[in-house]
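What follows is a single structure, written as structure tokens, with notes after it.
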Amino acid sequence: MAIEKGDVIKLSYTGKFDEDQIFDTTNEDLAKENEIYNPRGMYGGDVVIVGAGHTIAGLDADLAGKEVGYNGNVVIAPEDGFGEHDPKLVENISLTKFKDQKAHPGMNIEIDNKRGTVTKVIGRRVRVDFNHPLAGKEVTYDYTINEKIEDVTEKVKGLLALYTGVPDLEVEVNDNKAAIQVPAMLSFNQRWLMAKGRVANELIEYVGLDEVSYVETYPVETPAPVEEAEAEEEITESEE
């Protein structure tokens, strides 16, 4: 049966530009070989909802109509990829903005909550391109549709992993209502705080849940036990 919009699938892919320059992949070994490995990343394939914008538009559109097990590629124009290069997003910034950092071409920088790349240093001025690094470029994705996920709990876990980078969060689904255990570490994660509303909406819209609840758990911190050596030292001192 062909993949349709709204289906939850597991997808493996490798993105390239300029024919063979790899910029993204779900293959851990390939990531390491091309020096783009992220120790905090998840490899082995992403769980995505077709048509929900979990991948770039050109790849997302190409998924519909394919069968599970499909292995192929798609060439994506800038307008369906990372956008056209916008000259208005290239700015000249004062060197003082860099504080103790030494500005140099190719340097990645975040200024005023905007991420950019230094392209040129001229005296006390630095030219920074705030376009996406692949803006204006045609990209190619080699991809495989590994499976179509049918189990509701696995759909929820897969979508959570996509947004949090945390595999296999504890999820309980009863009467079409999902209760998701949120570990304390995520409660302070800015990315998760901004995404959890969207995750809930997508689970209701695409997975068909009636309700999504987040349960935050904060364990009680118990005092560390006094080590035996320290205890003996205190006793000796008191006896003296």
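The values are calculated or read from the model by the stated rules, or taken from the named source; none is laboratory data. Keep in mind the model is a prediction, meaning the values are calculated, not measured. Using ideal geometry, Cβ is built from the backbone for each residue, glycine included, and neighbour counts are taken over all protein chains shown.
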If you go through Val173, Val90, the only one that is touching a residue at least 12 places away in the same chain (Cβ under 8 Å), under 21 Å from Tyr206 (Cβ atoms) and over 18 Å from the mean Cα position of the chain (by Cα) is Val173
Check your understanding: Do the conditions hold for Pro167, that is, is it over 30 Å from Lys114 (Cβ atoms), free of Cβ contacts under 8 Å to residues at least 40 places away in the same chain and outside the structural domain of Leu30 (by TED's automatic domain parsing)?
Key -> no
Listed by range, strands (runs of 3 or more DSSP E) wholly within region 53-136 having at least 3 residues that are in contact with a helix residue (DSSP H, G or I) (Cβ under 9 Å, 6 or more places away or on another chain) are 71-76, 114-122, 125-129
The residue that is surrounded by the most Cβ atoms within 10 Å (Cβ to Cβ), considering only those in region 14-69 that are among the aromatic types (Phe, Trp, Tyr) and without any contact (Cβ under 8 Å) to a residue 60 or more places away in the chain, is Tyr43
Within region 142-200, restricting to residues that are within 30 Å of Ala61 (Cβ to Cβ) and among the aromatic types (Phe, Trp, Tyr), the one that is surrounded by the fewest Cβ atoms within 10 Å (Cβ to Cβ) is Tyr163
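Give Asn108, Asn146, Asn113 a once-over and let me know the one that is closer than 28 Å to Thr55 by Cβ, modelled with pLDDT of 95 or more and not hydrophobic (A, V, I, L, M, F, W, C).
Asn146
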>> I'd like to know if region 91-105 contains one or more residues that are within 22 Å of Glu138 (Cβ to Cβ) and either surrounded by 11 or more Cβ atoms within 10 Å (Cβ to Cβ) or not aromatic (Phe, Trp, Tyr) (or both).
In response: no
Mind checking whether some residue in region 94-106 is under 16 Å from the mean Cα position of the chain (by Cα) and without any contact (Cβ under 8 Å) to a residue 60 or more places away in the chain?
no
Of the residues in region 70-85, those that are exposed (fewer than 15 other Cβ atoms within 10 Å of the Cβ) and within 26 Å of Lys155 (Cβ to Cβ) number 2
